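Below: one structure, written as structure tokens.
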Amino acid sequence: MTNQPHATAAHPCNICNGAKLGPGPGGRMSYDGTSPPRCTSCQSLERHRAFRSVFDQLKDSSFKDASVLQCSTDRSNDARWFASHEISEYEGANPLDLQNIDRENNSYDIVVCNHVIEHVADDRSAMRELARVAKDTGFVFLSFPDPLRLETTNEWGYPDDAQHGHYRLYGKDVRQKFKDELPGLHVFAVVGTDPCTNSTEGLWLITADQARADWITSRVANAERVDTGTKPSKPRLANRVSSTRPQKAVIKEPSTITGRLLSPPSEVSRAFGTADNMGASNPDRYFAVGLDAMRVIGTAINRPGARIPQSILDFACGWGRVARHLRASFPESHLVCADIWKDAVDFASQAFGADPLHLSSNPDDYEITTSFDLIWSGSLITHLPEDRARKIIDLFCTALKPNGVAVFTTHGRFARHRRAECGHNYNVDDASAAIASFDRDEYGFTPYAGQRDYGFSLTPMNWILQEVSKRPELTLVQYAERGWDDHQDVVAIQRRAVTTPHQAVNSNA
């Protein structure tokens, strides 16, 4: 059968009752190579029919009253089964960020997410968010490639075009992620079978409710419970509100990072330094961009077991655009404001109750004797040549406490597009050398007029990956293009609690 472009299905398609199969994407055959995989009638593939076989087991009279969120379209279910059926499509209608879903807690009876989170940079946040927006009495229907066929997750940390834009291929060890991110929830491993090709697909059913868990085991014959701990503890980050920027970052309670809302603007100091032209000229935007930094920081530090940062460094603080928000959000934490502008540092330290750290213009002279749980550095590497950018990352590496996180920003593809094609000059007359380097996937830099080591830089994602891979004590925990103010890319690195051998990122993975 492998040489035949079409074939008759072993059993009719469980979606459309069709009987003919044709080649799959790229002309591929089914996973075992014995059959074409695509239903010629409804165009479904093995996974769609395998997931439909599980939904057919789950479907009962309660579906007619159920509200559903489906992340990306697929044929695993039928919208006509439900009272409401909302679809979120990446770069299409109703796009939702799975790392920070703009919906309130307990919004849906069923949340469906098939073959999506492998495309998401921070899949741990996505897992928590999917569980958060599902009702306590509802469930999440989650799948991704390829936990039945791999033992160990292969995670390379960037969207690899050779792997369909995936950040990773999952293995059986994904169960540990569920245990880390969804402690105490009821998680079931389920295997669905495609009736047309007899191929199998793995999926996961997740619920916070014991009665719903019992319902799942009563209806799905091969549902295998995954150990996620003993205490039911549904992750609740915060009620989401409007998706318009800026959004507030979220933490949880006085001692942990998952649920207490960061301080509202009314609690943020509105004092300006005498030479703070950025704040004085457009205060509304100034405060919005500062608050958006807190959203960025909240996303980066909102990790399993994370604690409220007790020591914080605002590196390149300026006149306190972000420092004022850090102080309002973490009023009991030790805050240090550092910059080469003495007047700015003195103002920020006095206005926001921080310790001053005066820097020279040469990173070789920097000496930081305190270690920090959190380092923020916005719009610094965006102005530095490559050697100084490396020194700054080295500095963060040594200044972080074990498990500490440094969040910094860079110029990436969007800045390159603005400079090359939209007439935004970034205060440099000729950025062609920086752009040419960036287009070769190299660090690009053009100095300002009259400067040598300060100007406009462009930083490729692969440069970040390579620099992190050189430092075994670091882990890349976030990379978000246009993550800050819909402009600068955001990078978050974490210092490992225990130094272990670090596997370098392989761009050919």
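The values are calculated or read from the model by the stated rules, or taken from the named source; none is laboratory data. Quick caveat, the model's predicted, so the values are computed rather than measured. Backbone-built Cβ (ideal geometry, glycine too); neighbour counts: all protein chains shown.
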*asked:* I'm trying to understand the selection: among the residues of the range 327-382, which are assigned to a helix (DSSP H, G or I), in contact (Cβ under 8 Å) with a residue 12 or more places away in the chain and of a type outside the set (D, E, K, R)?
replied: Ala328, Ser329, Ala344, Val345, Phe347, Ala348, Ser349, Ala351, Pro363, Ile381, Thr382
_When you check Arg132 against the structure, is it assigned to a helix (DSSP H, G or I), under 11 Å from the mean Cα position of the chain (by Cα) and charged (D, E, K, R), yes or no?_
no
*asked:* Of the residues Asn427, Asn462, only one is touching an Asp or Glu at 6+ places or on another chain (Cβ under 9 Å), surrounded by fewer than 17 Cβ atoms within 10 Å (Cβ to Cβ) and modelled with pLDDT of 90 or more; which?
replied: Asn462
*Please find, within the range 203-222, the residue that is nearest to Thr137 (Cα to Cα) out of those that are small (Gly, Ala, Ser) and surrounded by 21 or more Cβ atoms within 10 Å (Cβ to Cβ).*
Ala208
*Restricting attention to the range 20-34, which residues are touching a strand residue (DSSP E or B) at 6+ places or on another chain (Cβ under 6 Å) and assigned to a loop (DSSP other than H, G, I, E, B)?*
Gly24
_Take the conditions surrounded by fewer than 23 Cβ atoms within 10 Å (Cβ to Cβ), modelled with pLDDT under 90, more than 17 Å from the chain's Cα centre (by Cα) and aliphatic (A, V, I, L, M) and apply them to Leu148. Does it pass?_
yes
*Return a yes/no flag: does the range 94-107 have any residue that is more than 20 Å from Gly18 (Cβ to Cβ), outside any helix (DSSP H, G or I) and among the small types (Gly, Ala, Ser).*
yes
*May I ask you to verify whether Glu86 is without any contact (Cβ under 8 Å) to a residue 40 or more places away in the chain and outside any loop (DSSP other than H, G, I, E, B)?*
yes
*Within the range 391-439, tally of residues that are in a strand (DSSP E or B) and on the phi > 0 side of the Ramachandran plot*: 1
_With the requirement that a residue be under 19 Å from Arg482 (Cα atoms) and either surrounded by 24 or more Cβ atoms within 10 Å (Cβ to Cβ) or touching a Gly at 6+ places or on another chain (Cβ under 9 Å) (or both), what does the range 390-420 give you?_
Ala406, Val407, Phe408, Thr409, Thr410, His411, Gly412, Ala415, Arg416
*Do we have any residue at all in the range 111-120 that's more than 21 Å from Pro145 (Cα to Cα) and either in contact (Cβ under 8 Å) with a residue 12 or more places away in the chain or surrounded by fewer than 18 Cβ atoms within 10 Å (Cβ to Cβ) (or both)?*
no
